Amino acid sequence: MAIAEMSKLNLVAMAYDKDAVLNALTGTGAVEIKSHGEEADTSPLDFDCEELRAYLSRLEEARGKLADACAKAIKEDKSFKTSDEISFAEFMSAKELRDGAEECADKIFGCEDRRKKIKSAISKLDKQLEIAKIYSGVMQPLGADGTAHVKFRLGSSPAGGIKTLQSALAENKLAVYSVIGGDAENSVIMVAAHKSVAEETDGALAAAGFTDCPFTGDKSGEEIYRSLTEERARRESELEEISASLIGLRAELRPLEIYCDYTAFELEKAELSEKMRATQKTVLIEAYVPAEAQERVSAALIGTGRALYYGFSEPSEGEIPPTLLKNNKVVKNFEAVTNMYSPPNYREMDPNTVMAFFYSVFLGFIMADIGYGLMMIIGGLFIKLKTSRRDTMLGRLGGVFAVGGIFTVIWGFLFNSFFGFALLPFKVMPDMQGAAMSWSLAGIKVPALLIISMIIGVVQLFAGYVCLAVQNFRRGKVWDGVLDGLVWAMFSAGVELALVGFIDEFGAPALKLVGGIIAGVSLVVAIFTAGRKEKLLGKFTKGFGSAYGVINYASDILSYARLYGLMLAGAVIADIVTSNSVALMSSGNVAFIILGVLIMVIGHVFNLAIGLLGAYIHDARLQYVEFYGRFYEGEGELFAPLGSRHKYVYINN
């Protein structure tokens with residue numbers, strides 16, 4: 001539950017040693033370059049990254065094309081194994097892969113250019129084949145030459161156009177036609193007409209939808225169609241050869257990926273130039289380093305053997321260094337939930353440990369089933385283990401669900417629910433459904449679990465105010481911690497006690513008075529001290545605003561009713577699935593038994609999936625609004641060491 005202390009590194013090196021120094025800093029995995037302030041007799045470094053950026057883009061494009069072409073082959077080839085884990089030394093030697101990577105990229109783009117040309121040719125062939133198919137049954141040459149007095153025309157017409165042509169040429173004694181081929185939709189027609197009636201014949205053909213044959217020469221329609229079909233098959237064969245050529249390059253995929261990441265690293269270093277300052281012969285660098293890594297960074301700089309000067313100092317009061325969270329393996333998973341909202345800033349406390357506990361309690365309360373909890377643990381651990389080498393959002397999400405699954409099992413035991421079945425002969429918590437689920441709150445019957453949801457909510461609000469107090473204490477603002485934090489925490493404790501006292505089933509009416517006094521005194525103190533930093537009218541308005549805030553406080557408590565709503569929805573679906581499945585399986589009919597099992601499995605998997613989706617979102621909403629709204633500032637920047645961003649490789653230092 002801490003944010004790592006940061007130191008500021010100030011470094012001066014010879015300009016020609018800049019690259020070697022940056023490489024050394026990268027090897028530590030503990031240095032984030034920051035923008036250097038202006039200094040006398042210094043100027044910004046000149047840099048132009050466009051050429052390198054375009055170069056990397058070309059490599060990335062080639063890598064993507066090769067990966068797509070080889071995906072199926074790699075999946076099927078059990079002997080083809082690659083690891084994304086390399087050492088830092090191997091990564092830094094990746095510059096030696098340049099020639100091979102560029103040659104591979106050239107081959108890939110060469111194959112793609114050929115593929116595009118062949119596909120264009122195939123597209124043209126398909127259009128020709130569509131027409132040639134009409135003439136494929138014609139065995140005589142399609143080229144029809146006329147005579148001195150007779151004009152021949154060979155072409156096609158829609159099947160329905162024959163009657164139109166027959167009618168139009170019925171009285172024309174100098175023009176004849178013959179249907180010599182075609183298919184169900186088109187007829188191939190040969191027309192012979194004396195040149196004196198050519199215009200009349202052409203009009204009749206146009207009315208019949210006649211289209212002249214596009215093929216000429218001494219080949220028959222059957223020969224042309226066969227030739228085009230063979231040409232298309234040859235082109236398809238060429239495409240297969242290109243695919244085989246790309247698949248043959250699959251051994252080059254890993255080196256290409258490593259070189260892509262190395263080039264991205266070189267681009268990152270080039271882009272950092274805008275954050276540095278330079279004199280005529282030196283370069284000035286400022287960076288943030290975790291205090292615990294100072295010795296490692298010093299050793300790396302000394303190990304370069306270069307002439308340089310460096311020193312460490314504390315960040316100034318006005319600086320907000322990047323945030324490096326230091327949590328155990330369990331809490332680390334929940335950082336993803338906070339980071340989706342906003343990472344904590346360097347100057348505040350890390351809320352993830354407290355938030356992780358409440359998030360897990362709420363998640364377990366919503367799901368509240370032993371069977372679902374076991375599925376969450378197994379599924380979450382599976383996802384976590386599959387992504388264990390890389391710290392990914394998916395892996396952290398798996399960890400969140402696994403931890404939440406433990407609390408789900410605990411709540412499941414308390415509610416005595418195992419996939420909707422009553423597993424134990426007793427239960428600790430009230431029924432989720434039915435008449436026995438209501439408690440009397442100040443004489444009014446209210447669902448017991450709704451009251452429990454609000455009690456849990458008040459506990460979290462109490463914790464939020466304690467966190468506010470701790471945050472102020474850490475900053476030396478003792479009175480702010482007491483009056484803005486602990487006073488409102490006591491108010492929450494009073495509300496909690498009073499709420500319990502008003503529940504008849506608890507049999508503790510004295511708590512109404514005790515809780516009311518604690519809440520009332522705390523509220524009075526909060527009202528009269530809220531405007532302590534204001535002047536005149538501000539003191540009154542601030543105090544009034546503090547009193548009005550009680551309304552918002554009440555609405556925040558009601559927000560926790562969503563825990564009950566989500567739990568009830570999941571419980572009802574689980575009960576319906578279980579009862580219907582059991583009814584079918586009890587019938588004795590084999591078909592019904594199989595159907596019952598299917599409904600049981602599919603229904604509970606669906607209920608778990610939809611329940612987790614709703615629980616994940618609404619649980620996060622309670623943390624962001626109700627809990628973090630009490631003390632959290634956020635707007636931090638996560639610590640991102642130089643050379644830590646890689647797409648395809650994992651550097652194992």
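Observations, loosely collected:
- Taking every DSSP helix (H) stretch of at least 4 residues in the chain, weighting each as -39,500 (n - 2.57) and dividing the sum by the residue count yields a mean residue ellipticity at 222 nm of -19500 deg cm²/dmol.
- For the range 477-502 versus the range 328-374, the gap between their alpha-carbon centres in whole angstrom: 24
- Residue exposure proxy: ARG396, ARG621, ordered by other Cβ atoms within 10 angstrom of their Cβ from fewest to most, comes out as ARG621, ARG396.
- Rounded to 10°, Cα long-axis angle of helix 253-271 versus longest principal axis of the chain: 60
- Rounded to 10°, Cα long-axis angle of helix 510-529 versus longest principal axis of the chain: 80
- The simple Förster model, with R0 at 51 Å and r as the Cβ-Cβ distance, assigns ASP46 and VAL524 a FRET efficiency of 0.20.
- Of LYS95/LYS329; LYS107/LYS647; LYS72/LYS119; LYS332/LYS386; LYS8/LYS281, pairs whose Cα-Cα distance is over 26 Å: LYS95/LYS329
- Under the combined filter of DSSP loop state and at most 11 neighbouring Cβ atoms within 10 Å, the range 184-245 retains these GluC sites (Glu not before Pro): GLU185.
- Candidate lysines for bridging to LYS512, where Cα separation is under 21 Å - those fewer than 8 sequence places away on the same chain excluded: LYS445
- Three-way shape call for the range 132-233 based on the alpha-carbon gyration tensor, with the a/c threshold at 1.5: oblate
- Cα gyration tensor shape for the range 339-497, rounded if a/c is under 1.5, else prolate or oblate: oblate
- Net lengthening on full extension, PHE421/TYR55 (0.36 nm per residue, minus Cα-Cα): 125.6 nm
- Rg(Cα)/(2.2 N^0.38 Å) for the chain, N = residue count: 1.51
- Proximal lysines to LYS533, defined as alpha-carbon separation beneath 23 angstrom and excluding residues fewer than eight positions away on the same chain: LYS477, LYS542
- Relative to the longest principal axis of the Cα atoms of the chain, the long axis of helix 329-341 makes an angle of roughly 70 degrees.
- Taking label points 7 Å from Cα along the Cα-to-Cβ direction, ALA299 and SER237 give a separation of 6.4 nm.
- Ordering PHE362, PHE152 from the fewest to the most neighbouring beta carbons within 10 Å gives PHE152, PHE362.
- Sorting 470-479, 257-266 by their mean Cβ neighbour count within 10 Å, with the most densely packed peptide first, gives 257-266, 470-479.
- A straight chain from SER313 to LYS275 at 0.36 nm per residue would run longer than the Cα-Cα distance by 11.8 nm.
- Karplus-based coupling profile of the range 553-558, in residue order and whole Hz: 4, 5, 5, 5, 4, 5, with θ = phi - 60° in 6.51 cos²θ - 1.76 cosθ + 1.60 and x standing for Gly or Pro.
- Each of ILE118, ALA105, MET437 was scored by the projection of its Cα onto the charge dipole of the chain, and the greatest displacement toward the positive side belongs to MET437; charges sit on the C-beta of Lys, Arg, Asp and Glu.
- Antiparallel beta bridges, as assigned by DSSP with both residues in the chain, represent about 95 percent of the total such bridges.
- LYS163/GLU199 FRET efficiency (R0 22 Å; Cβ-Cβ; nearest 0.05): 0.50
- Among the lysines of the range 132-233, pairs that are 8 or more positions apart or on different chains and have alpha carbons within less than 22 Å of each other number 7.
- Amide H contacts of TRP439 (H built 1.01 Å from N, in plane; Pro and chain starts excluded): VAL446, ALA448 sit under 5 Å, all sequence-distant by 5 or more or on other chains.
A short reminder: the numbers here are calculations on the coordinates, not readings from a lab. Note that the coordinates shown come from a computational prediction; the quantities given were computed from them, not determined experimentally. Cβ coordinates were reconstructed from backbone atoms using ideal geometry, including for glycine residues, and neighbour counts include every protein chain displayed.
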